[in-house]
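*Asks:* Below: one structure in C-alpha cells.
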Amino acid sequence: MDAQSAAKCLTAVRQHSPLVHSITNNVVTNFTANGLLALGASPVMAYAKEEVADMAKIAGALVLNIGTLSKESVEAMVIAGKSANEHGVPVILDPVGAGATPFRTESARGIIREVRLAVIRGNAAEIAHTVGVTDWLIKGVDAGEGGGDIIRLAQQAAQKLNTVIAITGEVDVIADTSNVYTLHNGHKLLTKVTGAGCLLTSVVGAFCAVEENPLFAAIAAISSYGVAAQLAAQQTADKGPGSFQIELLNKLSSVTEQDVQELATIERVTVS
C-alpha cells in the first residue's frame, strides 16, 4: 500500500457512496454523520435491537463504538455484528475508553469474542487494555502516558486477535498478522475536537466497504483523513479548534487524489 493506492481508495468511496451503519455514541452522532456525508459516504445510525440485524446486512460496513455504553447497546452491537458476519459485511470496532472501567473493558472484549472484526481502531491505551496489556494508562476515554512500544503492541494485538489493528496517535501504526505500517499525517488539533477519533473509525468503515483488504482500507482511510486534517489546520492556523472542526468537514469533502498522493506519508516497517 502506497499513497497512490490510498488515493484511489478515496475516489472509490466517492464513486460508490457506501452505506455505513454506525452504532456509535450519543456525543458524536451528528459529527460522524456529517463527516461521512462530507467524505461521500452514506451514514445511517440505527440502534434498536429490533432492526440492527436488518440494517447491518444491507450496509457496506458496520461500525461499533462503545463510547456511551449500556447493556442494551452492547446487545444491539452483537446482534448487528453477527448479522454483518453472516452477510459478508466488514465490522469495525472502536473500543472507546477500554481500560477506564471493568464494564467498558469487558464490553469491548465481549464484542471481540462474539463478532468477527475486520479492523479495531483506537488509541494505544484502548488497544492495550483490550488485549490485556496494562502498562498503558487511560484517562477517561483519552490515552494517558504510555509504557511500551506502539509498533510491538500493534503487532501483538493483531496476532492475538487475528484482525487488523489501527493505533492512532502522533504516529499512526496499522498492523495485521504479518505486516506493520506507520503513517505520519494528521494534526494535533484533532485531539481538541470531540469525536474526531470516532469519526475516523467510521471513515475506516467507509473505506472497508470499497476495499476488500482491511489492512489497505485502514491505511487509505487514516492517510486520507490525516491529509484532510493537515489541510484544515493550515486553513485555520490563526483561529482555533471550533474553526478547525468545521474546516475538517470541508476538507473531507474537497481533499483530492492529488492531495493524498503528494502529502500522505506511508511507511512499511520491518519487524522481527
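*Asks:* Test each condition in (1) open to solvent by 80 Å² or more (accessible area, probe 1.4 Å); (2) hydroxyl-bearing (Ser, Thr, Tyr); (3) part of a helix (DSSP H, G or I) for TYR47 and report the one that comes out false.
*Replies:* (3)
*Asks:* When you check GLN234 against the structure, is it more than 13 Å from ALA6 (Cα to Cα) and in contact with a helix residue (DSSP H, G or I) (Cβ under 8 Å, 6 or more places away or on another chain), yes or no?
*Replies:* In short, no.
*Asks:* Is one or more of the residues making up region 4-13 closer than 26 Å to TYR181 by Cβ, part of a loop (DSSP other than H, G, I, E, B) and not hydroxyl-bearing (Ser, Thr, Tyr)?
*Replies:* no
*Asks:* Now for a separate question. Residue pairs, Cβ under 8 Å, 6 or more apart or interchain, first in region 238-267 and within 14 Å of ALA221 (Cα to Cα), second among the charged types (D, E, K, R) and open to solvent by 40 Å² or more (accessible area, probe 1.4 Å). List them.
*Replies:* GLU257/LYS8; ILE266/ASP2
*Asks:* Right, something else. Quick check on SER73: is it of a type in the set (S, T, N, Q), without any contact (Cβ under 8 Å) to a residue 40 or more places away in the chain and crowded, with 19+ Cβ neighbours inside 10 Å?
*Replies:* Spelling it out, it is not the case that SER73 is of a type in the set (S, T, N, Q), without any contact (Cβ under 8 Å) to a residue 40 or more places away in the chain and crowded, with 19+ Cβ neighbours inside 10 Å.
*Asks:* Moving on. Return the only residue of GLU247, GLU267, GLU262 being over 25 Å from ASN162 (Cα atoms), in contact with a Ser or Thr (Cβ under 8 Å, 6 or more places away or on another chain) and either among the hydrophobic types (A, V, I, L, M, F, W, C) or not in a loop (DSSP other than H, G, I, E, B) (or both).
*Replies:* Going through GLU247, GLU267, GLU262 in turn, the sole match is GLU247.
*Asks:* Oh, and also: Out of all the residues in region 62-70, is one or more open to solvent by 30 Å² or more (accessible area, probe 1.4 Å), in a helix (DSSP H, G or I), of a type outside the set (Phe, Trp, Tyr) and at negative phi?
*Replies:* Looking for residues that are open to solvent by 30 Å² or more (accessible area, probe 1.4 Å), in a helix (DSSP H, G or I), of a type outside the set (Phe, Trp, Tyr) and at negative phi, one finds none in region 62-70, hence no.
*Asks:* So, one more: Inside region 231-272, can you point out the residues that are surrounded by 17 or more Cβ atoms within 10 Å (Cβ to Cβ) and among the charged types (D, E, K, R)?
*Replies:* Correct list: GLU247, LYS251, GLU257, ASP259.
*Asks:* Follow-up question, since we're still on this one. Looking at (1) over 27 Å from ASN213 (Cβ atoms); (2) open to solvent by 40 Å² or more (accessible area, probe 1.4 Å), can you tell me which one HIS87 breaks?
*Replies:* (1)
*Asks:* Follow-up question, since we're still on this one. Kindly list the number of the only condition in (1) assigned to a helix (DSSP H, G or I); (2) free of Cβ contacts under 8 Å to residues at least 40 places away in the same chain; (3) open to solvent by 30 Å² or more (accessible area, probe 1.4 Å) that fails for LEU189.
*Replies:* For LEU189, the failing item is (2).
*Asks:* Among the residues of region 209-224, which ones are part of a helix (DSSP H, G or I) and open to solvent by 10 Å² or more (accessible area, probe 1.4 Å)?
*Replies:* Correct list: PRO214, PHE216.
*Asks:* Among THR191, THR236, which is among the hydroxyl-bearing types (Ser, Thr, Tyr) and within 24 Å of VAL63 (Cβ to Cβ)?
*Replies:* Exactly one residue qualifies, and that residue is THR191.
*Asks:* Go through VAL78, VAL52 for me and flag whichever is open to solvent by less than 60 Å² (accessible area, probe 1.4 Å) and touching an Asp or Glu at 6+ places or on another chain (Cβ under 6 Å).
*Replies:* VAL78
*Asks:* What are the residues in region 13-36 that are under 16 Å from CYS208 (Cα atoms) and open to solvent by 20 Å² or more (accessible area, probe 1.4 Å), if any?
*Replies:* The answer is ARG14, GLN15, HIS16, SER17, LEU19.
The values are calculated or read from the model by the stated rules, or taken from the named source; none is laboratory data. The shown structure was predicted, so the numbers you read here are calculated from the model rather than taken from an experiment. No Cβ is skipped: glycine too gets one built from the backbone with ideal geometry, and neighbour counts run over all protein chains shown. Keep in mind that these areas ignore ligands, DNA and RNA; they rest on the heavy atoms of the full protein, side chains included. Shrake-Rupley method; radii C 1.70, N 1.55, O 1.52, S 1.80 Å.
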